[in-house]
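The values are calculated or read from the model by the stated rules, or taken from the named source; none is laboratory data. From a predicted model like this one, the values you see are computed outputs, not experimental measurements. Positions of Cβ are generated from backbone atoms using ideal geometry, with glycine treated the same way; all protein chains shown enter the neighbour counts. Calculation scope for accessible area: heavy atoms of the full protein, side chains included, ligands and nucleic acids excluded. Shrake-Rupley method; radii C 1.70, N 1.55, O 1.52, S 1.80 Å.
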Amino acid sequence: MKLSIGIVGLPNVGKSTLFNALLGKQVADASNYPFCTIDPNVGVVEVPDEKLPALANIVKTNKVIPAAVEFVDIAGLVKGASQGEGLGNKFLTNIRDCDAICHVVRAFSNNNIIKEGSVDPQSDFEVICAELIIKDLETIDKYIDSNKNNSKEKNSKKFILAQKLKSELEKGTLAINLDLDDEEKEFIKEFFLLTSKPYFIVANVDENTYQNLENWNLKIENFETVVPVCAQIEFELSELSVDERISYLKELGVEQPGLERVIKKAYNTLGLQSYYTAGVKEARAWTIKKGSTAPEAAAAIHTDFEKGFIMAEIVSYQDYLACGGLIGAKEAGKLRHEGRDYIMQPDDVVEFKVNV
């Protein structure tokens, strides 16, 4: 399942440093000047998963394949980008090609690093959102102008929705935050709006703040969507060995790397979850949309599996571990046989029965 997160923000807020840390190597230019990223860099990052090694240990396999998220490092936007300021519309197009947005805001002070505007995370977020809103208003206005004299279209639910969207966007409301019914949610997809994409916020903090996150409270709307990281520390961690990384985190007094929180937040923001298969060949996490049925989940392995689906033999992760694998779970009565209507759960360990 190829779904991507676009990393966006003003110039020099730490986007490329964060991206490099995510990939664990220097793949994007993190130079100290605005617009150092011209073309978007793309990288696929593994989703941290403590369940896979345990499954691999039970089935005695050395091959572990985790779920993954694609991140796209998009060049810095500035106020007026929708009118061509900075590097302009090119990068709004890059955002349109992504499935969700990671807003990076600068929550640190450093006089040696150039930055557009002041150090104000809320302002950072609002500037980017304003540019996305302006671009979406262009899209909506074009549709309304093209159909305002069409009596049939003017009375359609899509046209009424367009008017509603125009009104809310002009108030500064992102389309993703609107309360829409199921029919409206289908119609809004036809507009391909930038503000209808799910998003979360990464606050790039300094080292002192990072070591005292329990006392940290960023003044920004939608605080529940915020993940605090120190991009520079995360990049330094990514260059260390596992043992060195553990030692460095202990020295910092931090239990979990911020990148793990970022990746998991990205995965959840995309509306994804994993299920597992385990055998001597490999232990693997398969990516599916939340709410997927068993046949839809089988299609992640091979498209023919959905059509030829017979049933799914499922054991919960905890039962799989407690019983020492699929056979033990079956003997203990913990193996379930689920049909086409079964909704997959995040801790399912599965073996599909198919006719292909």
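Of the accessible area of the chain, with the probe set at 1.4 angstrom, what percent is carbon plus sulfur? Of all accessible area on the chain, carbon and sulfur atoms account for 48 percent. Using every pair of separate Cα atoms, the Kirkwood estimate puts the hydrodynamic radius of the chain at 22.6 angstrom. Indicate, rounded to the nearest 5 percent, the antiparallel portion of the DSSP beta bridges found entirely in the chain. Antiparallel: roughly 50 percent of the beta bridges in the chain.
Scalar couplings 3J(HN,Hα) for segment 270-281, obtained by applying the Karplus form with A = 6.51, B = -1.76, C = 1.60 to θ = phi - 60°, are 6, x, 10, 8, 10, 10, 10, 10, 9, x, 5, 6 Hz; x denotes Gly and Pro. Estimated at 0.36 nm per residue, the fully extended path between His302 and Trp216 surpasses their Cα-Cα distance by 26.4 nm. Our coupling estimate for segment 179-196, obtained by passing each phi through the Karplus curve with A = 6.51, B = -1.76, C = 1.60 and θ = phi - 60°, is 8, 10, 7, 4, 5, 5, 5, 6, 5, 5, 4, 6, 8, 6, 6, 5, 7, 8 Hz, Gly and Pro reported as x. Accessible area of Lys157 (1.4 Å probe, protein heavy atoms only, ligands and nucleic acids ignored): about 70 Å². With each label modelled as a point 7 angstrom along the Cα→C-beta vector, the Asn177-Asp120 pair spans 1.7 nm.
Of the cross-linked pairs Lys15/Lys250; Lys281/Lys334; Lys51/Lys185; Lys197/Lys353; Lys164/Lys289; Lys152/Lys307, those separated by over 32 Å at the C-alpha level are Lys51/Lys185; Lys197/Lys353; Lys152/Lys307. The 1.4 Å probe gives accessible areas that order Ile310, Ile327, largest first, as Ile327, Ile310.
Computed over protein heavy atoms with a 1.4 Å probe, the accessible surface of segment 151-191 works out to 63 Å² per residue. Averaging the sequence gap over all C-alpha pairs within less than 8 Å and six or more residues apart, then dividing by the number of residues, gives the chain a relative contact order of 20 percent.
For the pair Asp206 and Asp341, label points projected 7 Å from Cα toward Cβ lie 5.9 nm apart.
For the set His103, His302, solvent exposure ranked by accessible area (probe 1.4 Å, protein chains only) runs largest to smallest as His302, His103. If the chain linking Ser151 and Gln318 were pulled fully straight, counting 0.36 nm for each residue of separation and taking away their Cα-Cα distance, it would gain 54.2 nm.
At the residue level, Asp319 shows approximately 50 square angstrom of accessible surface with a 1.4 angstrom probe and all protein chains present. When the residues Asp304, Asp182, Asp347 are ordered by accessible surface, computed with a 1.4 Å probe over the protein chains alone, the sequence from largest down reads Asp182, Asp304, Asp347. Multiplying the residue separation of Ile327 and Asp243 by 0.36 nm and subtracting their alpha-carbon distance yields 26.7 nm.
Per residue, the accessible area of segment 220-356 comes to 51 Å², computed with a 1.4 Å probe over protein heavy atoms only.
Show me the trypsin sites (Lys or Arg not before Pro) within segment 273-306 that DSSP assigns to loop and that have at most 10 other Cβ atoms within 10 Å of their Cβ. Sparse-neighbourhood loop trypsin sites (Lys or Arg not before Pro): Lys281. Exposure check, 1.4 Å probe, all protein chains in place: Cys230 carries approximately 10 Å² of accessible surface. Dividing the convex hull volume of the alpha-carbon atoms in segment 156-263 by its residue count gives 136 Å³ per residue.
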